[in-house]
Amino acid sequence: MRDLLVEIFGRPHGIVLYQLLDATQFTIYLSLIAFVGGGILGAFIALVRIAPNKWGKRITIAYIWLFQSTPLLMLLFLTGLGVPRLFGMNIDPWYAASISLTLYSSAYMSDVWRGALEAIPRGQWEGASALGLRFLPTLRLVVAPQAVTIALAPTVGFMVQIIKGTSLAYIIGFTDLMTIGKRWANAPVAGTEPYIIFPLMALIYFSLCFPLSLYSRHLERRMGTVKTLRPVAAA
Amino acid sequence: MERSELTLMQTDPVIERAIDTSQMKVTDEVAIQLTGMNKWFGTFHVLRDVNMTVNRGERIVICGPSGSGKSTLIRCINRLEEHQAGKIIVDGTELTSDLKNIDKVRSEVGMVFQHFNLFPHLTILENCTLAPIWVRKLPKKEAEETAMHFLHKVRIPEQAHKYPGQLSGGQQQRVAIARSLCMRPRIMLFDEPTSALDPEMIKEVLDTMISLAEEGMTMLCVTHEMGFAQAVANRVIFMDQGQIVEQNEPREFFNNPQSERTKLFLSQILGH
């Protein structure tokens, strides 16, 4: 791979490109961790949020407010630099970045999913209750399957935000596309000037995010015609 | 009320078949008892001191102007709404915040809604088997047999594998009735079951409800179908402003209403 790129683009461009693409994998891994972690945590929070429990609702609303109102950069500083200093220990940038991004994405994804769950007409809950189904079975068998079709497009769309968000992790020493790119842009090597490197990096981020945006758009458009969402009655 | 109006009502084209009353028997056994029940929505007093006893086998029609609390009343009976004062006892179980009691009552009481509330992501058959499988823990095959039995009964077995969105309103409401019956309830509540339907579909739903009455089901129906009330109800309850104003057997209720409020209401819904 490296040799092939060097052969095609020559030095130093082949090497730079190889290193950037190599670092991109860590951007992808971190995005996936944040997406899966934030997804699981977000689903749990959305569930507590809509459950018929006053305290659960209050705590989850506070959680969502807290993490939606704090810059991601500050979360990274806190977990990557503040917490290690407080306890006098080292925290691997992997952990710090994963935790920050998970907290950040859970706060947004839980909101997306809560919205989707609440978009299901109240009659669906009532119909299930009248048949003797309790909260969790109703959620699992009746409401969630319908909410998924609504939530899918914005969820995929939010992945784009996560991918772009990972770029901030360079600040706590996480090695990803941003870190490597910035290093090359600062290097006194001819042909790696910032006006060459940064557009190149932008292109790589774009090629990660744009397909997801397109897919999200596609899902959004398809939603209107899915049979499961055909209105059952004018409610 | 004028004689001529009553004659008009009795020849209501919606009910055109003879009704078999052999199984329609009101027993002494109490099915539902409401004592001093009150309910507020915020500061709005929706139900005021409601007292009512329903015996097993009764077919009660509840009517009244909109906002009179009639829907809220029957929604309290399966705890879709919570009452704030008084007692509701269904089949010997008192409704409190105790989930066990609520489960018990809901397993005895079926409900049919104005907007059907079918599950649009499930087929007709799956709509009917969901609760029997998950609440009654019936094996899937047995639940499907029961579902087909009741779909035959409401005369749409051929639609079993379609989705609710592919059916007409009348068909959807008949599925909703079948879905409810699959839980083998002893009491059925109907909350304006024909109000969202086109006139030509009202008949098929009323027909299904009449068949149910003919089998001796205890029924509480909130409806404006006075032809139905005349044909199958043994008691008509008139509500206004959260109170039961008047109740009587249908003939007396329509021919000889006692309160001015009832007379006015009847003249409004029958007078055109």
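The values are calculated or read from the model by the stated rules, or taken from the named source; none is laboratory data. Small disclaimer: the values here were computed from a predicted structure and weren't measured. Glycine also receives a Cβ, built like all others from the backbone with ideal geometry; neighbour counts cover every protein chain displayed. Surface accessibility is based on the protein's heavy atoms, side chains included, excluding ligands, DNA and RNA. Shrake-Rupley method; radii C 1.70, N 1.55, O 1.52, S 1.80 Å.
Just one of the numbered conditions (1) in contact with a helix residue (DSSP H, G or I) (Cβ under 7 Å, 6 or more places away or on another chain); (2) among the aliphatic types (A, V, I, L, M); (3) not in a loop (DSSP other than H, G, I, E, B) is not true of B:Ala196: (3). Of the residues contained in segment A:134-142, none is found to be modelled with pLDDT under 90, open to solvent by 20 Å² or more (accessible area, probe 1.4 Å), assigned to a loop (DSSP other than H, G, I, E, B) and not polar (S, T, N, Q). Exactly one residue out of B:Lys104, B:Lys153 is under 24 Å from the mean Cα position of the chain (by Cα) and more than 13 Å from every other protein chain (Cβ to nearest Cβ), and it is B:Lys153. Annotation: B:Gln171 fulfils all but one of (1) among the polar types (S, T, N, Q); (2) more than 23 Å from B:Ile19 (Cα to Cα); (3) without any contact (Cβ under 8 Å) to a residue 40 or more places away in the chain; the unmet one is (2). Taking A:Ala97, is it under 18 Å from the mean Cα position of the chain (by Cα) and either among the small types (Gly, Ala, Ser) or farther than 23 Å from A:Ala43 by Cα (or both)? Considered against the rule, which asks whether it is under 18 Å from the mean Cα position of the chain (by Cα) and either among the small types (Gly, Ala, Ser) or farther than 23 Å from A:Ala43 by Cα (or both), A:Ala97 comes out as yes. For the criterion of being within 14 Å of another protein chain (Cβ to nearest Cβ), within 19 Å of B:Pro132 (Cα to Cα) and free of Cβ contacts under 8 Å to residues at least 40 places away in the same chain, A:Val142 passes. Hey, among B:Leu212, B:Leu189, which residue is modelled with pLDDT of 95 or more and under 28 Å from B:Pro132 (Cβ atoms)? Result of the check over B:Leu212, B:Leu189: B:Leu189. When you scan segment B:74-87, do you find a residue that is buried (at least 18 other Cβ atoms within 10 Å of the Cβ) and polar (S, T, N, Q), even just one? Yes, segment B:74-87 contains at least one residue that is buried (at least 18 other Cβ atoms within 10 Å of the Cβ) and polar (S, T, N, Q).
Residue-wise test of (1) of a type in the set (Ser, Thr, Tyr); (2) without any contact (Cβ under 8 Å) to a residue 40 or more places away in the chain.
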{"site": "A:His13", "(1), (2)": "no, no"}
{"site": "A:Ala23", "(1), (2)": "no, no"}
{"site": "A:Tyr29", "(1), (2)": "yes, yes"}
{"site": "A:Phe35", "(1), (2)": "no, no"}
{"site": "A:Gly39", "(1), (2)": "no, no"}
{"site": "A:Tyr63", "(1), (2)": "yes, no"}
{"site": "A:Phe77", "(1), (2)": "no, no"}
{"site": "A:Gly80", "(1), (2)": "no, no"}
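Annotation: B:Met148 fulfils all but one of (1) closer than 25 Å to A:Arg122 by Cα; (2) assigned to a helix (DSSP H, G or I); the unmet one is (1).
Identify all residues within segment A:119-133 that are within 19 Å of B:Glu108 (Cα to Cα) and either open to solvent by 20 Å² or more (accessible area, probe 1.4 Å) or more than 9 Å from chain B (Cβ to nearest Cβ) (or both); write none if there are none. Selection gives A:Trp125, A:Glu126, A:Ser129.
Taken over segment B:122-135, residues that are touching a residue at least 24 places away in the same chain (Cβ under 8 Å) and either more than 7 Å from every other protein chain (Cβ to nearest Cβ) or under 12 Å from A:Gly123 (Cβ atoms) (or both) amount to 8. Total residues in segment B:111-121 satisfying the condition of being more than 7 Å from chain A (Cβ to nearest Cβ) and more than 13 Å from B:Arg75 (Cβ to Cβ): the figure is 0. Condition test on B:Gly69, is it within 15 Å of the chain's Cα centre (by Cα), more than 14 Å from chain A (Cβ to nearest Cβ) and modelled with pLDDT under 95? Yes. Would you call B:Val90 open to solvent by less than 50 Å² (accessible area, probe 1.4 Å), within 12 Å of chain A (Cβ to nearest Cβ) and β-branched (Val, Ile, Thr)? Taking the combined requirement at face value, the residue does not satisfy it.
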